[in-house]
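> Take this structure first; my questions come after.
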Amino acid sequence: MSLPKEPRQKMINLMYLVLTALLALNVSSEILNAFKTVDRSLQTANKSVDSKDKEVMSSFEELLKDGKTHDNAAKWKPLADQAKQMSDQLVKEIEDLKLELKQEAGLGKMGKSEKGDDLFKEDDLEAATRLFIGHEGKGGKGDDLKNKLSAIKEKLLNLHPDIKTAFGTTLPIDISTPDNKDWAQTYFHMTPTVAALTILSKFENDVKNSSSQIVEFCHQQVGQVKLIFDQFQAIASQSSEYVMPGQEVRITAGVGAFSKSALPSVSIDGASVPLNAEGVAELKFNAGGTGSYSKKVSIRYTKPDGTPGSAEKEIKYVVGSPTGVFASAEKVNVLYLGLDNPVRVSGGTKGAEALSASIDNGSIVKADNSGLFTAKPATAGKAVITVTVEGKPSTFNFPVKRIPNPTPMVGQFGGGSVPVNVFKANVGVRADMGEFVFEGVKFNVVSYTIVCTGRGFESTGPKFAVVNGAYFPSDVKGYIEMCRAGSSVLITDITVEGPDGRRKLPGSMAFNLTN
C-alpha cells in the first residue's frame, strides 16, 4: 500500500506493516508440537535400528568363530564394520550440529524448564538460517552437511560391487531437492529451530537405515542371524502346590538358555510379567479364598535359527481352609474392572441356600443356586467379599485390577521387519488380547500417531498424521503407498478403549519394511 505524507498516519501504517510481518512470522504451538512428535518418533526408530545392528554384529562374531563360515565372514564383516563406523561418525557430527543449533537459539541463556531441561527458543526462525546458510559474510554449514551426506552414500555404495548393484537406486540417503533448488535454502531458510532439529533427525535416520541395510546385506552373504545364547537358567514352577489363605505364592517361568539380545517374553493369565536379572519372569501374590486354582503361563522366545517359538504351561495350586468356607474367583484370583467376574462361594458343610455374599467395592449378585456369584468391582485396589453362613461371616480379600493392556498390532505384526507389500495389505491398527483368561474381551483402537520415513520420502521428508479411530484414513493410505523397501513406519501414542475405560498404551510399534 502507499504511505501517506501525514506523519501520524505514516507511523500508524508503518506499525501495521510491522505487526502484519510479526503475525506472519508467528509459529503456532500446534505446529511446534507436531514437529516434536515427529522428532520423538524418528529417535525411537533410530533406537530400533541400533538394536537390530547390535544383534547382527554379534551374530557376525559367532560366524567368525565357526570353522564352516569363518572365511566368508572374514570377507564380509570388515565391510559391515566400515559401514557402521562411517554411519556412527556422521551421526555424531549431526548430533554436534543439533547442539550448535540449540545454542544458536539461546540454549544456556534461557534457564531451565520445570522438568530441569535447558530451554532454547524453539520457534526461532533465524537460528537455522544463521547456522546453515550463514550471515554477515560468514558461510553456513549447510553445504558441508550436504557434501558429507553425498560422500557417505558414495562410500557405502563403493564398499563392494555387489552392494552397489543391490542398493544403487534404493539407498535411503537422498540429497535431491524439488526443482533443483538450493539444498540449504530448501531445508533451513527461515525454518523454526524445532523443525530444523527434526530435519536433522531425519538425516540421521536416513544414514542409520542406509548403513543398517548394508550391514544386513553383508551378513546375508554369510548366513542367517545367529543368536548367542549367553545366559542359562533352569525353569521353575510354583513355590507350593498347597497353601493357606493369605500365604504367598510365587510363580517363576523362563527358558533354559537365552540370548540377552532376544530375551523371552512371558505372560501369566494374559498379563505381561517382567524378567529379573537372570532372565526369568517372577510373579508373587497372596493366595485368596480356598479352592483349586490354575494360572496359564505363556512363554514366547526366539529359537537359535531366528524363528519364533512358544510354550504354554498350566500352573495348579490349592488353597485350603480350616473352616471349609471359601470364596474364590473362577477364572483367576483377581477381580477385573469392567467385567462380570464369576466367584465360587461355598459354605463348607452347609448348602448354597444357607449362605449369602456381599462385597465392599462394587456389587455381587447370585448367578445360580450352586454357589456361583458374579462380582463387579467399582474401583481398582482391593475388594473384600464377606460370606455369611448362619449368621457367621468370613471375609476374603481380592485384588482388583484393570484389564491387562492389549498388544497393538498391524495385521499379524507388532513391529520389526515386514515385507512392504504385506504391510500395505493391512487396513489399520488393532488391539489383541492374546491369551487373556477371559474370552471375548475386546479393546477398540481410539487414536494413534503414525510416521512414515526413509526410502520413498527423500524428497518430501517424513509424513506424519494423528489418526482418530482404528483404520488408516485416505491420507495415511497415501503415505503407506509411498513406502518402499527401506522405509520405516512408526506407530505411537496409541489410545484404546475397553470394558474398563480408555487408556494410552505404553510403547510403540516400529516397522522396517523389506522386499
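> Take the residues of region 126-136 that are at pLDDT 85 or above and touching a Ser or Thr at 6+ places or on another chain (Cβ under 8 Å): which is surrounded by the most Cβ atoms within 10 Å (Cβ to Cβ)? Lay out the reasoning, then the answer.
Residues of region 126-136 that are at pLDDT 85 or above, as a first pass: 126-133.
From what's left, touching a Ser or Thr at 6+ places or on another chain (Cβ under 8 Å): 127-129.
Details: Ala127: 25, Ala128: 28, Thr129: 21.
Filtering first and then ranking leaves Ala128.
> Continuing with this model, one more query. Looking at (1) among the small types (Gly, Ala, Ser); (2) loosely packed, with under 15 Cβ neighbours inside 10 Å; (3) more than 32 Å from the chain's Cα centre (by Cα), can you tell me which one Ala73 breaks?
Single failed check for Ala73: (2).
For (1) farther than 29 Å from Phe443 by Cβ; (2) of a type in the set (S, T, N, Q); (3) surrounded by 14 or more Cβ atoms within 10 Å (Cβ to Cβ), each residue gets a yes or a no:
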residue: Ser356; (1), (2), (3): yes, yes, yes
residue: Lys366; (1), (2), (3): yes, no, yes
residue: Val389; (1), (2), (3): yes, no, yes
residue: Phe396; (1), (2), (3): yes, no, yes
residue: Gly414; (1), (2), (3): no, no, yes
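> Val420 is checked against (1) modelled with pLDDT of 90 or more; (2) not assigned by TED's automatic domain parsing to the domain that holds Asp500 and fails just one. What number does that condition carry?
The failed condition is (2).
One line per residue, one yes/no per condition, for (1) over 27 Å from Gly338 (Cβ atoms); (2) in contact (Cβ under 8 Å) with a residue 24 or more places away in the chain:
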{"site": "Glu435", "(1), (2)": "no, yes"}
{"site": "Val445", "(1), (2)": "no, yes"}
{"site": "Cys452", "(1), (2)": "yes, yes"}
{"site": "Gly461", "(1), (2)": "yes, yes"}
{"site": "Pro473", "(1), (2)": "yes, no"}
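> Do you know which residues across region 156-178 are under 14 Å from Gln82 (Cβ atoms), part of a loop (DSSP other than H, G, I, E, B) and touching a residue at least 24 places away in the same chain (Cβ under 8 Å)?
Leu159, His160
> Now for a separate question. Looking at region 368-387, which of its residues are of a type outside the set (Asp, Glu) and surrounded by fewer than 16 Cβ atoms within 10 Å (Cβ to Cβ)? Please lay out each step first, then the result.
Just the residues of region 368-387 that are of a type outside the set (Asp, Glu), to begin with: 369-387.
Listed by number, the residues that qualify are Asn369, Ser370, Leu372, Ala378, Thr379, Ala380, Gly381, Lys382, Val384, Thr386.
> Then there is this: For region 323-369, enumerate the residues that are at pLDDT below 80 and over 21 Å from Lys392 (Cβ atoms).
Matches in region 323-369: Ala329, Glu330, Lys331, Val332, Asn333.
> Another question about this same structure. Can you work out which of the residues in region 93-116 that are in a helix (DSSP H, G or I) and charged (D, E, K, R) is surrounded by the most Cβ atoms within 10 Å (Cβ to Cβ)?
Restricting to residues being in a helix (DSSP H, G or I) and charged (D, E, K, R), the top hit is Lys102.
> Let me ask something else about it. Please enumerate the residues belonging to region 406-465 that are among the basic types (Lys, Arg), closer than 22 Å to Ser267 by Cα and assigned to a strand (DSSP E or B).
Across region 406-465, the qualifying residue is only Arg430.
> Identify, from the list Leu119, Leu145, the residue that is within 30 Å of the chain's Cα centre (by Cα), in the same structural domain as Leu79 (by TED's automatic domain parsing) and either under 17 Å from Ile94 (Cβ atoms) or surrounded by fewer than 18 Cβ atoms within 10 Å (Cβ to Cβ) (or both). So that I can check it myself, show each step before the final result.
Numbers: Leu145 fails: within 30 Å of the chain's Cα centre (by Cα).
Going through Leu119, Leu145 in turn, the sole match is Leu119.
> Confirm whether Ala195 is under 34 Å from the mean Cα position of the chain (by Cα), in a helix (DSSP H, G or I), within 23 Å of Ser487 (Cα to Cα) and at pLDDT below 90.
yes
> Show the residue pairs meeting these rules: Cβ distance below 8 Å; 6+ apart or different chains; first residue within region 126-155 and in a strand (DSSP E or B); second residue buried (at least 17 other Cβ atoms within 10 Å of the Cβ).
Gly134/Gly140; His135/Thr129
The values are calculated or read from the model by the stated rules, or taken from the named source; none is laboratory data. Bear in mind that the values here come from a model prediction, so they are computed numbers and not experimental data. Counting neighbours? That spans all protein chains shown, and the Cβs are built from the backbone with ideal geometry, glycine included.
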